[in-house]
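The values are calculated or read from the model by the stated rules, or taken from the named source; none is laboratory data. The structure presented is a predicted model; accordingly, all values stated were derived computationally and were not measured. Heads up, the Cβs are rebuilt from the backbone with ideal geometry, glycines too, and the neighbour counts pull from every protein chain shown. Each accessible area value is taken on the protein alone, full model and side chains, heavy atoms only, with ligands, DNA and RNA left out. Shrake-Rupley method; radii C 1.70, N 1.55, O 1.52, S 1.80 Å.
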Amino acid sequence: MCGIIGEIGKVNVMGDILEGLKKLEYRGYDSAGVAVFTDAGVRRVRAVGSIAALEEKLRNDAPAGTLAIGHSRWATNGKVTEANAHPHRAGKFTAVHNGIIENAAALKAEYFAGAAFESETDTEVVVKLLDRFYTGDVGEAIRRTEAVLTGSWALGILCDDCPGTLFAAASGSPLLVIETGNGRCIASDAGAVQDPVSVTKLENREYAALTANAVTIYNEKGEPVQKAPLTATAGALTLDKGGYEHYMMSEIMQQPEAVRRTLAAVPDEDYIRDAREIVIVACGSAYHTGLVGARLFESVRRIRAHAEIASEFRYADPLIGPGTLCIFVSQSGETADTLAALRLAKEKGARTLAIVNVPGSAIATESDEVILTRAGREIAVATTKAYSAQLAVFYCLALGKTEALGRLPEAIYTAIAENDEKCRRVAERIAGCRNIFFIGRLLDNAVSQEGSLKMKEISYLNSQAYAAGELKHGTISLVEPGAPVIATVTDETILTKTASNLHEVKARGAFTIVIAAKHLADKIEADLTLTVPDVGPLLAPSVAVVPMQLMSYYTAKALGCEIDKPRNLAKSVTVE
Ligand code: F6R
């Protein structure tokens, strides 16, 4: 959460900084700001809201310089105000920060009791510390500051005395040092920088000094270190909207390709060999793919398996150890709870395998083994193509690369083509409702969890997913006349059971929608039926999720919601 960028070049870097911030906006969009070294010293410009608001402010008064830093914020400490927007400044230091300083209040009390602060942020404490510890050597000020900080940080730092040097420091939050044809940059994500030539990751408590001619990286003792640049890049599936109005729709459309590339890239290896049991740990949509994965491991491979929410798992003292395979699923590879859960699993001696979309990310790096999904960069906050790519990996792990799996990209394409227009029309009906319910059994339930999250995340309508048989144990009291109940039915063996549950809600006035495998469509009654290709019950989540994504998208659109950047959210969740 929060995106940071900085550049030192030979010509004005402000264009690059603003372009970079737009690419980082997925990490937070509460406010944005820049600081640039001008002939008259460091100038800051900050604005509440998106980068567009910052650009508007810069339109008539655009400071220029060859050294600048920028920030897009997802508020953690302090309200969404201009005073809390980064960069923050104290004495001779100006900085942008991603992360959380957990002991900010204690540091404030110890070092700055009674002092005036212009913001409510933890970052201002860091900048004040840098200034307090500065005696002419910025490296020393960084080391002394980092020595008293606890929490996580990625910092881009300017010092008034050093108009030719961009400083950076990191611990626990991602920060890359990137060389390009034009200059030297720091960024939370390599995608923020045009044409990177080499990308190096700052490890915990390393810091860097970048000048127009050189980059030096230091360890926490202040000794220069030689580091190998990362080789893998995020793998480009289109970064623009591909002619669509929103990234989310463009990314829905990219799913067949994301799955095809992922299937091709998963090594032919039996990763679950020797596992006595499997625990899949993740958050949000990634956790939902784990629900599918766990079911597949149990039903097909007959290995005990379950999925756990990372924020629960990490504090639950889980019963794992040698013999347990822990699989961590994450698009960003940065999610704080998933990363902490991975570290815990390693401590307990479990074997760890990560399924990650961003190469070089913390989770990809720290896991014993990693399988990279090839969804390319995902910009919309609501995941679609990364979810589908993660499912594809679980299929490879549980089923092996079958012929049917090879045909899945084509089936996903058909699911999109055949449902796009229908879902737009269904969405108009859904948009007027207060509560939406998703039901299904087994894998149909697992995918319904994702459908429901997608719906509430971007349309802000209240939506819940339930195991179809569970509804009558309480939740059915919420079903009012006209409430949409969306049942997924892709497995003939349980069709009649879900059909009965649908009758129960119909009897209470619900508006029933079925997402059915094509060959089952005539066997279940509903007010409205959407069909998906017959890929068999095991692979069905990959096609059933498509109409769910489309219905969510069009519902949010009908309600005029900010689809790519839903309120209160950020793409990578680096706080717990
Ligand atoms: C929902 C969504 C989130 C993420 C979750 C985990 O659309 O995208 O629920 O799935 O925050 O993020 P990663 O996969 O980056 O660990």
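Per residue, the accessible area of the chain comes to 38 Å² when a 1.4 Å probe rolls over the protein heavy atoms. Near residue 575, the amide H atoms lying under 5 Å from its own belong to 336; only residues 5 or more places off or on other chains count, and H is placed 1.01 Å from N.
Taking the charge dipole of the chain about its Cα centre, with +1 at Lys and Arg Cβ atoms and -1 at Asp and Glu Cβ atoms, the residue from 250, 28, 371 reaching farthest to the positive side is 250. Under 5 Å from the amide H of residue 31 lie the amide H atoms of 49, 73, each residue being 5 or more positions distant or on a separate chain, with H modelled from the backbone and absent for Pro and chain starts.
Largest first, the residues 201, 472 sort by 1.4 Å accessible area into 472, 201. Sorted largest first, the principal axis extents computed over the alpha-carbon atoms of segment 13-71 equal 32, 18, 14 Å. Trypsin sites (Lys or Arg not before Pro), restricted to segment 327-360: which are DSSP loop and have at most 16 other Cβ atoms within 10 Å? Those satisfying the criteria are 348. Quick check on segment 232-406: what does the Kirkwood estimate of hydrodynamic radius come out to from the alpha carbon pairs, in Å? One decimal place: 16.0 Å for the Kirkwood radius. Report ³J(HN,Hα) in whole Hz for each residue of segment 248-259, in order, from the Karplus equation J = 6.51 cos²θ - 1.76 cosθ + 1.60 where θ = phi - 60°; Gly and Pro get x. With the stated coefficients, segment 248-259 comes to 4, 5, 4, 6, 4, 5, 7, 4, x, 5, 4, 6 Hz. For segment 331-490, the C-alpha radius of gyration divided by 2.2 N^0.38 Å, with N the number of residues, is 1.22. Summarising the amide proton neighbourhood of residue 101: residues at separation of 5 or more, or on other chains, whose placed amide H is nearer than 5 Å comprise 152.
Within a straight-line Cα-Cα reach of under 18 Å, residue 22 can be paired with the following aspartates and glutamates, leaving aside sequence neighbours fewer than 8 residues apart in one chain: 7, 30, 55, 56, 189, 195, 240, 245, 251, 378, 562, 564. Calculated over segment 3-225, the projected area of the Cα convex hull averaged across directions stands at 10.8 nm².
Here the spin labels are modelled as points 7 Å beyond Cα on the Cα-Cβ line, and at residue 132 and residue 160 they lie 1.9 nm apart.
In the chain, the portion of solvent-accessible area held by carbon and sulfur atoms comes to 49 percent [1.4 Å probe, whole percent, DNA, RNA and ligands not counted]. Between the Cα long axis of helix 284-299 and the first principal axis of the chain there is an angle of about 50°, rounded to the nearest 10. Calculated FRET efficiency, residue 434 to residue 148, Cβ-Cβ distance, R0 = 41 Å: about 0.25 to the nearest 0.05. Along segment 568-576 the Karplus relation, 6.51 cos²θ - 1.76 cosθ + 1.60 evaluated at θ = phi - 60°, assigns HN-Hα couplings of 6, 10, 8, 6, 10, 9, 9, 10, 8 Hz to successive residues, with x for each Gly and Pro. The simple Förster model, with R0 at 41 Å and r as the Cβ-Cβ distance, assigns residue 421 and residue 462 a FRET efficiency of 0.95. In a fully extended conformation the segment linking residue 212 and residue 348 would gain 44.4 nm over its present Cα-Cα distance, using 0.36 nm per residue. With each label modelled as a point 7 angstrom along the Cα→C-beta vector, the residue 312-residue 111 pair spans 4.0 nm. Straight-line reach from residue 108: taking Cα to Cα under 16 Å and skipping same-chain neighbours fewer than 8 places apart, the aspartates and glutamates in range are 118, 120, 122, 124, 131, 146. Give the calculated FRET efficiency between residue 523 and residue 410 to the nearest 0.05, with a Förster radius of 30 Å applied to their Cβ-Cβ distance. The computed FRET efficiency comes out at 0.75.
Scanning the chain for chymotrypsin sites (Phe, Trp or Tyr not before Pro) that sit in a DSSP loop and have at most 16 other Cβ atoms within 10 Å, the longest stretch containing none of them is 316-459. Among the GluC sites (Glu not before Pro) in segment 454-555, those placed in a DSSP loop whose Cβ has at most 15 other Cβ atoms within 10 Å are 525. Helical runs assigned H by DSSP (4 residues or longer) give the chain a calculated mean residue ellipticity at 222 nm of -10500 deg cm²/dmol, each run adding -39500 (n - 2.57) before division by the residue total. Sparse packing (at most 16 other Cβ atoms within 10 Å of the Cβ) combined with a DSSP loop state is found for the following GluC sites (Glu not before Pro) in segment 104-166: 118, 120. Between residue 270 and residue 40, the modelled label-to-label distance comes to 7.2 nm, taking each label 7 Å out from Cα in the direction of the beta carbon. Extent of segment 8-122 along its three principal axes (Cα atoms, max minus min coordinate, largest first): 42, 30, 22 Å. Taking one quarter of the surface of the convex hull spanned by the alpha-carbon atoms of the chain gives a direction-averaged projected area of 26.5 nm². In this structure, the residue pairs whose Cα-Cα separation is over 30 Å, taken from 221/571; 348/454; 523/571; 385/518, are 221/571; 348/454; 523/571. Stretching residue 102 away from residue 576 to a fully extended chain increases their span by 169.5 nm, per 0.36 nm per residue minus the current alpha-carbon distance.
Across the chain, the mean sequence separation of Cα contacts (distance under 8 Å, 6 or more residues apart), normalised by length, yields a relative contact order of 12 percent.
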